[in-house]
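Before any comments, here is the structure.
The numbers here are math on the coordinates, done by the rules we state, and not lab data. Being a predicted model, the structure only gives us computed values, none of them experimental. Note that each Cβ is placed from the backbone with ideal geometry, even for glycine, and that neighbours are counted across all protein chains shown.
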Amino acid sequence: MPLLNQSTKWLICVSLGVASCFAAPRVFAQEKSVVKMDDAAANLRADRTETYYQYSIWGAFVNRVFEGFLPVEELKQQGDIGLGSFTKLDGEMVMLDGVPYKIDETGKVFVPPNDEKLVYANAAYFDEDQSFQLPAVSNFEMLRGIIGDRLPSRNYFYAFKVTGNFKSMKCGGLSRQEPPFKEGLDVLIPARPVFDRENFKGTMVGFFCPSFIGDINVAGFHFHFISDDKQFGGHVLEFDATDVTVAFDQMDEYKFALPNSEAYEQVSFEKSFQYKQK
Ligand SMILES: [Zn+2]
C-alpha cells in the first residue's frame with residue numbers, strides 16, 4: 001500500500017462493509033444515486049474510461065474464498081469488457097461489448113442471468129488508445145512479448161481486445177466446487193478442464209497489471225476468450241493465430257470492491273499463486 005499511496009495519478013477505492021451477503025450491491029448504490037436518469041449510462045462511461053475495476057482479491061481467490069456475491073447485473077455497470085469466475089468456481093466469465101458470457105465446466109457457453117454471482121472479476125470500459133496488426137502469432141508467449149514491447153510503460157494498467165483467425169485455441173475452464181473447499185487454486189488450476197477448437201474467429205479480452213500489484217490481482221497478462229459464434233471460450237492457455245489485431249486501453253485509476261463474507265474476513269493469504277509468464 002505505501003507504493004500506491006505515493007502515486008497522485010491513482011484513485012484507489014476500497015469498499016469495506018459489514019458482513020452481509022447483500023453488502024456488495026449496496027456498495028454501489030451510493031455511486032448510482034449521483035447519476036441522473038437520462039444520460040446516466042453515457043456519464044457513467046465517460047467517468048470511468050480510465051478506471052480498472054476489480055471484485056475480490058486474487059490472493060483471497062487463490063486461498064479458497066470461492067463464494068462471491070457480485071451480481072452479473074452489477075458487473076455490467078463497471079465496464080463493457082471483463083473477465084472473471086463465477087461463485088463456487090461454477091464456470092469462467094468473459095464479457096465483450098457489454099455482454100457477459102459463462103463457460104461452464106463442460107465448455108458450454110451461455111449468457112448468465114443478471115442475478116448470477118461472480119467470485120472474482122475484472123472489468124473496464126474499453127476506450128482504445130492504440131492498435132496494431134500482426135500477420136501471425138504462433139503462441140501466447142510470442143503475443144505477450146510483442147505486446148510487452150509495444151506498451152508505453154509497464155507501470156500502468158491496460159485492457160486488451162485481440163481479434164484474429166485462430167488456427168488452434170486451447171482454453172481452460174473451471175469445475176464447480178462445493179463447500180467446504182479443500183483445495184486452493186494452486187491445486188485446482190493445474191487440474192482444470194481444457195477445451196480445444198480449430199480454425200475459427202474470436203476475441204481475446206485481457207488485462208495487464210504491473211508487477212507491483214503483488215497478490216492483489218494477476219500480475220502481468222490475463223486473457224479470456226470468446227468465439228465470434230459465442231460457442232467456445234474460457235481462460236486462454238495457448239493458441240496459434242493469423243490476421244491478429246491487438247487494441248489496448250491504458251488506465252491510470254484502479255478501483256476494487258472486497259467481498260463481504262465470513263470466508264473473506266478470515267482468509268489468511270497463506271498461499272500464493274501466479275500464472276507463469278515472461
Ligand atoms: Zn482466467
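Extension gain, VAL99 to GLU178: 0.36 nm times the residue separation minus the Cα-Cα distance gives 25.7 nm. Charged neighbours of VAL267, selected by a Cβ distance under 13 Å, balance to -3 (K, R count +1; D, E count -1).
When the C-alpha to C-alpha distance is required to be over 28 Å, the pairs from LYS88/LYS255; LYS102/LYS161; LYS230/LYS271 that qualify are LYS230/LYS271.
Annotation: extensible slack from GLN77 through VAL187 equals 36.3 nm (criterion: 0.36 nm per residue apart, minus Cα-Cα distance).
Taking label points 7 Å from Cα along the Cα-to-Cβ direction, GLN277 and ALA40 give a separation of 3.5 nm. Within the shell of other residues whose beta carbon sits under 13 angstrom from the beta carbon of ILE189, the net charge comes to +1, with Lys and Arg scored +1 and Asp and Glu -1. As a rough guide to protection, the peptides 149-161, 126-138, 207-219 ranked by mean Cβ packing within 10 Å, highest first, stand as 207-219, 149-161, 126-138. Towards the positive end of the charge dipole of the range 130-251, with charges on Cβ (+1 Lys, Arg; -1 Asp, Glu), say which of GLN250, SER153, VAL194 has the farthest Cα. The one lying farthest along the dipole's positive direction is GLN250. Shown here are the Rg and Dmax of the Cα trace of the range 130-251, at 15.2, 48 Å. 3J(HN,Hα) couplings calculated from phi for the range 134-148 with the Karplus curve 6.51 cos²θ - 1.76 cosθ + 1.60 (θ = phi - 60°) are, in sequence order, 10, x, 8, 10, 8, 7, 5, 4, 4, 5, 4, x, 5, 4, x Hz; Gly and Pro show x.
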